[in-house]
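Engineer: Have a look at the structure that comes next, please.
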Amino acid sequence: QVRLTESGGGLVQAGDSLTLSCAASGRTISSVFMGWFRQAPEKEREFVAAIHDSSGGTAYADSVRGRFTISSDNAENTLYLQMNRLKPEDTAVYYCAAHNGGSIYEWKNFGSWGQGTQVTVSS
């Protein structure tokens with residue numbers, strides 16, 4: 001079974017940048033899409049971004065489009081999320097996951113969740 005491990009979170013100020021990483025170990029990921037989601041306290045887990053494994057096509061939530069960039073290094077089996085111009089409302093635990101089928105915008109269609117990495121943006 002593939003194991004995903006997120007890293008790169010931290011405490012930053014509004015306007016700063018962070019890059020999150022998601023390293024995959026174990027079995028090679030066979031999912032067509034890999035995604036980033038986030039969950040703020042007392043809120044449901046929400047879609048952030050996804051990337052197609054072979055084409056490199058991407059999708060973003062409206063709230064992060066133009067500020068965040070998802071990318072992957074298949075040779076290193078690592079997924080990235082470059083986050084620029086961070087806002088306090090970006091504060092959440094960020095998770096990476098592998099797509100199992102269905103809509104890529106629904107967290108329930110993803111599996112192999114990592115433990116998450118905390119991102120806190122102060123105003």
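The values are calculated or read from the model by the stated rules, or taken from the named source; none is laboratory data. Quick caveat, the model's predicted, so the values are computed rather than measured. Note that each Cβ is placed from the backbone with ideal geometry, even for glycine, and that neighbours are counted across all protein chains shown. These accessible areas exclude ligands, DNA and RNA; they are computed on the full protein's heavy atoms, side chains included. Shrake-Rupley method; radii C 1.70, N 1.55, O 1.52, S 1.80 Å.
Engineer: Yes or no: G114 modelled with pLDDT under 95 and at negative phi?
Structural biologist: yes
Engineer: Can you name the residue in the stretch 1-31 that is part of a strand (DSSP E or B) and out of contact with any Ser or Thr (no Cβ under 8 Å at 6 or more places or on another chain) and, of all such residues, is nearest to E89 (Cα to Cα)?
Structural biologist: Within the stretch 1-31, the match that is nearest to E89 (Cα to Cα) is L18.
Engineer: Let me ask something additional. Please note which strands (runs of 3 or more DSSP E) are completely contained in the stretch 32-105 and include at least 1 residues that are open to solvent by 60 Å² or more (accessible area, probe 1.4 Å) and hydroxyl-bearing (S, T, Y).
Structural biologist: By residue number, 58-60, 68-73, 78-83.
Engineer: Let me ask another. Give me the pairs, please: first residue somewhere in the stretch 1-28 and within 11 Å of L86 (Cα to Cα) and hydrophobic (A, V, I, L, M, F, W, C), second residue anywhere and outside any strand (DSSP E or B) and open to solvent by 50 Å² or more (accessible area, probe 1.4 Å), beta-carbon distance under 8 Å, and either six or more positions apart or on two chains.
Structural biologist: Listed by first residue and then by second, the contacts come to A14/K87; A14/P88; A14/S123.
Engineer: Taking the stretch 32-57 as the region of interest, how many residues are of a type outside the set (A, V, I, L, M, F, W, C) and in contact with a helix residue (DSSP H, G or I) (Cβ under 9 Å, 6 or more places away or on another chain)?
Structural biologist: Residues flagged as of a type outside the set (A, V, I, L, M, F, W, C) and in contact with a helix residue (DSSP H, G or I) (Cβ under 9 Å, 6 or more places away or on another chain) within the stretch 32-57 amount to 6.
Engineer: Another question, then. Can you say whether R3 is charged (D, E, K, R) and open to solvent by less than 70 Å² (accessible area, probe 1.4 Å), as far as the supplied structure shows?
Structural biologist: Against the criterion (charged (D, E, K, R) and open to solvent by less than 70 Å² (accessible area, probe 1.4 Å)), R3 does not qualify.
Engineer: Another question about this same structure. Which one of N74, N100 is within 18 Å of V2 (Cα to Cα) and in contact with a helix residue (DSSP H, G or I) (Cβ under 9 Å, 6 or more places away or on another chain)?
Structural biologist: Criteria check complete, one pass: N100.
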